[in-house]
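A.B. asks: Starting off with a structure, shown below.
The values are calculated or read from the model by the stated rules, or taken from the named source; none is laboratory data. Since this is a predicted model, take the numbers as computed values, not measurements. Cβ: placed from backbone, ideal geometry, glycine included. Neighbour counts: every protein chain shown. These accessible areas exclude ligands, DNA and RNA; they are computed on the full protein's heavy atoms, side chains included. Shrake-Rupley method; radii C 1.70, N 1.55, O 1.52, S 1.80 Å.
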Amino acid sequence: MIQFLRDIGDSEFLVTGLVAGLLASVACGVIGPYVITRRIVFLSGAIAHMAVGGIGAAFFLRAMFPRVFGALQTIHGATLAALGGAVVIGLIHQRVAERMDTLIGALWSVGMAVGILLVKFTPGYPTELMSYLFGNIVFVSWDDVRLMALLDAVILGAVLVFHKRFLALCLDEEQAQLQGVDLLRTNIALLCVVALTVIVLTQVVGLILVIALLSLPAATAAHHVSRMGPLILASTGICAVLTTAPRMAAYGTAVTPEAAIVLAAAGLYLLSVLATRLRGRRGKD
Amino acid sequence: MSEPSPVVQIDRIFFAYPPPGAEWVLEDVSLTIGPRDFLGVIGPNGGGKTTLLRIILGLLEPQRGVVRVLGRAPREVRTRIGYVPQHARIDPGVPASVLDVVLTGRLARSSWGFRYGRGHVEAAMAALEQTEMAALAGRTMATLSGGQRQRVLIARALASDAELLLLDEPTAGVDPHMEQSLTDLLHRLNQRLPIVIVSHDVSFVSTHLQRVACLNRRLICHAAQEISREVIAEMYHAPIRVVRHEEACPLSDHGCRQGCSPEGTVLGAGASGSRARLGETLERQPPKQLDRKSLLSEGDRPLARDESPSDLGTAEGDGVRFGRGGQPGTP
């Protein structure tokens, strides 16, 4: 930790990493509560993995058609694929009640498979794919930070506009429908916001660990507050601590920062469960 | 004589759940609900009660027949209908207070944005006052009892400034005191809007309501006082005690014309699984062997098992008459 603070003055990558972590906390703090309340953690995982297809496509197109797609970045491909995945999952969620989990699971793997295949056919070694999968907070660039800030702005704007509809959907779908909410469109809107959040989070912890950041901080906060507004604030706060403190603690050691973040999130959640249990027991005595 | 236009007009609808070709859940059902009606719908499990409500709400579309609510297709006016579902689908784990839940009843009238305006909060609080739940507005749903949750759902329906109120089993899990205050509340509300209650609770319906529709795939309307053992027995295929009351309950003059038939019809849906409500005897009895007098005087007599149950369900055309079932307009 002390080492981290000593080095931050001369090492720009430590600054970008910190800023990226804080931007990620905004996205996951705001969207995490909806994800756990609406019980779409699994759907979010599917969206994240379908994004790999987009990354593979970006690689492939850039290598094969450098003139047309030279400016295409992997994050663009990932974002487009995640949004497309959100729309597809939204349609399935609404139209196909039967075996929903099977279909989502299939999309999860198919997206991944397409991505791997496209990467395989692309010449060169896909470092970017690895950093997308496992996260690479050390190599976050200012460009990435700017994009994350933009995505954060879109996410916040969407929540400000849609919050009442999202909450009504979480509470009681049928009643929301009777209040004139278009279930299909609202669902897809929520999933698209989740897709953008996934993209922001993967910059910090990587795709494989994104589920932890999307669910654990919000679930931890939900132990202690019982309304949506405070829950969003609390889980943003918890995310901010989780994306910075473990990273600082792991600095200079052999521990990977991404894994430290996720393990800290799980540990905090566990502590919160124990605290809630203890409080409940004391309340009964 | 100028008639007020009906709030709900259902004309000969047929409805079956998929797959196509399945048995009708509702068959040739017609019903008219006027601006001051207070209608109870009773019937056995699977008789189509909730389905009928969901059709009025436009959540289901009948395969045949026409439904008009407030003069329009149900879908277009569903935000003007207050609906209290049978099972609260509210997940108690959702981070929302009672007030938040009631506020969703204002959603159709509110703008986009994070918060509900002050006017909406006031309307929601007023609705909570009416169901005696205002003191618990800050609590979460998880901390409430079943009866309290029911009252929150009713408040949510009231908060929407509904022009028609539909309640599915509102007295399930509600204690007698609350049942009474709920009834008083509904009667007060009925001064300004029509109400439809679906219920299993035959005694509740027959004690408090003017008009009762018996629904078991087909629908027949009665004045509540005509709900006799035989009517119930026919419908549930098992005798059930009915709390009778003597005061006159005038039928509203815009009754359920097409729905009412002067002749009783035995309702043919399979009633395996039907059960007597109030813990009454389950021995079957052929309805035609009881006349009205014996019903009134010996209504609670347990019935002998040997009164051939095979007669049951064959009473079509036996002329079980409902005193005032025949309304102008029926043949």
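A.B. asks: If you average 1/r across every pair of different Cα atoms in chain A and take the reciprocal, what Kirkwood value do you get, in Å?
C.D. replies: Details: mean 1/r = 0.0510 Å⁻¹.
One over the average 1/r among Cα pairs gives 19.6 Å for chain A.
A.B. asks: With a/c under 1.5 counting as rounded, go ahead and sort the range A:114-252 into rounded, prolate or oblate using the C-alpha gyration tensor (a ≥ b ≥ c being the square roots of the eigenvalues; past the cut-off, prolate if a/b is larger than b/c, else oblate). All intermediate terms of the calculation are to be shown ahead of the outcome.
C.D. replies: Details: a/c = 2.41, a/b = 1.46, b/c = 1.65.
Judged from the Cα gyration tensor, the range A:114-252 comes out oblate (a/c at least 1.5, b/c at or above a/b).
A.B. asks: Separate question: Just reorder A:Tyr251, A:Tyr269, A:Tyr125 by solvent-accessible area, largest first, 1.4 Å probe, all chains present. Can you show the working numbers first?
C.D. replies: On the way: A:Tyr251 50, A:Tyr269 70, A:Tyr125 170 Å².
My answer, sorted largest first, is A:Tyr125, A:Tyr269, A:Tyr251.
A.B. asks: Just the Cα atoms of the range B:1-119, one point each, no solvent: what log10 I(q)/I(0) does Debye give at q = 0.09, 0.15, 0.17, 0.18 Å⁻¹?
C.D. replies: With one equal scatterer per Cα and no solvent, log10 I(q)/I(0) is -0.34, -0.85, -1.00, -1.06.
A.B. asks: Can you list residues whose amide H is under 5 Å from B:Leu219's amide H, if they're 5+ apart or on another chain and H is modeled 1.01 Å from N?
C.D. replies: Sorted by chain and number, the residues that satisfy this are B:Ser30.
A.B. asks: Can you give me the solvent accessible area of A:Ile208 with a 1.4 Å probe, rounded to the nearest 10 Å²?
C.D. replies: 80 Å²
A.B. asks: Could you work out the equivalent-ellipsoid semi-axes for the range A:98-145, taking the square root of 5 times each eigenvalue of the Cα gyration tensor, largest first, in whole Å? List each step's numbers first, then the result.
C.D. replies: Working: eigenvalues 153, 56, 11 Å².
Each semi-axis is √(5λ); the values are 28, 17, 7 Å.
A.B. asks: When the Karplus curve 6.51 cos²θ - 1.76 cosθ + 1.60 is applied with θ = phi - 60°, which whole-Hz ³J(HN,Hα) does each residue of the range A:268-281 get, with x for Gly and Pro?
C.D. replies: Those phi angles translate into 5, 4, 4, 4, 5, 4, 4, 4, 5, 4, 4, 4, x, 5 Hz.
A.B. asks: What do you get for Rg/Rh of the range A:204-285 when both radii come from the Cα atoms and Rh is the Kirkwood radius? Working shown, then result.
C.D. replies: Numbers: Rg = 14.1 Å, Rh = 13.5 Å.
Result: Rg/Rh = 1.04.
A.B. asks: Arrange the residues B:Lys49, A:Lys120 by how much accessible surface each exposes, largest first, with a 1.4 angstrom probe. Don't jump to the answer; show the numbers that get you there.
C.D. replies: Numbers: B:Lys49 15, A:Lys120 165 Å².
So the residues, ranked largest to smallest area, are A:Lys120, B:Lys49.
A.B. asks: Determine the shielding of peptide A:36-42 by partner chains: average, over its residues, the number of Cβ atoms on other chains within 10 angstrom of each Cβ. Each step should come with its number before you reach the end.
C.D. replies: Numbers: counts 3, 5, 2, 2, 0, 0, 0.
Shielding by partners across A:36-42 averages 2.
A.B. asks: Give me the percent relative contact order of the range A:1-155, please, defined on Cα pairs under 8 angstrom at least 6 residues apart. Before the final figure, lay out the partial values.
C.D. replies: Numbers: 137 pairs, mean separation 57.7, N = 155.
Reported as a whole number, the value is 37 percent.
A.B. asks: Moving to a separate point now. Averaged across the residues of A:177-184, what count of C-beta atoms belonging to other chains lies within 10 Å of each residue's C-beta? List each step's numbers first, then the result.
C.D. replies: Working: counts 4, 16, 11, 6, 4, 0, 0, 0.
What the average comes to for A:177-184 is 5.
A.B. asks: In addition: Between the range B:58-136 and the range A:72-145, what is the C-alpha centre distance in whole Å?
C.D. replies: First find each Cα centre; the distance between them is then 38 Å.
A.B. asks: Here's another thing I want to ask about it. Report the accessible area of B:Arg89, computed with a 1.4 Å probe over the heavy atoms of all protein chains in place, in Å² rounded to the nearest 10.
C.D. replies: So the heavy atoms of B:Arg89 present about 140 Å² to solvent.
A.B. asks: Moving on. With a cut-off of 16 Å, note down the residues of the range B:56-95 whose backbone N falls inside the zone around a label point 7 Å from the Cα of B:Ala142 toward its beta carbon.
C.D. replies: Taking a point 7 Å out along Cα→Cβ of B:Ala142, the residues of the range B:56-95 whose backbone N falls under 16 Å are B:90-95.
A.B. asks: Here's a follow-up. Considering only protein heavy atoms, what is the solvent-accessible area of A:Asp10 at a probe of 1.4 Å, reported in Å² to the nearest 10?
C.D. replies: The accessible area of A:Asp10 comes to roughly 130 Å².
A.B. asks: Also, quick follow-up: Kindly sort B:Arg218, B:Arg12 by accessible area of their heavy atoms, largest first, with the probe set to 1.4 Å.
C.D. replies: Largest accessible area first, the residues go B:Arg12, B:Arg218.
A.B. asks: Let me ask something else about it. With an 8 Å cut-off on Cα pairs and a minimum separation of 6 or more residues, tell me the relative contact order of the range A:130-226 in percent. Could you put the intermediate results ahead of the total?
C.D. replies: Numbers: 59 pairs, mean separation 45.9, N = 97.
Rounded, it is 47 percent for the range A:130-226.
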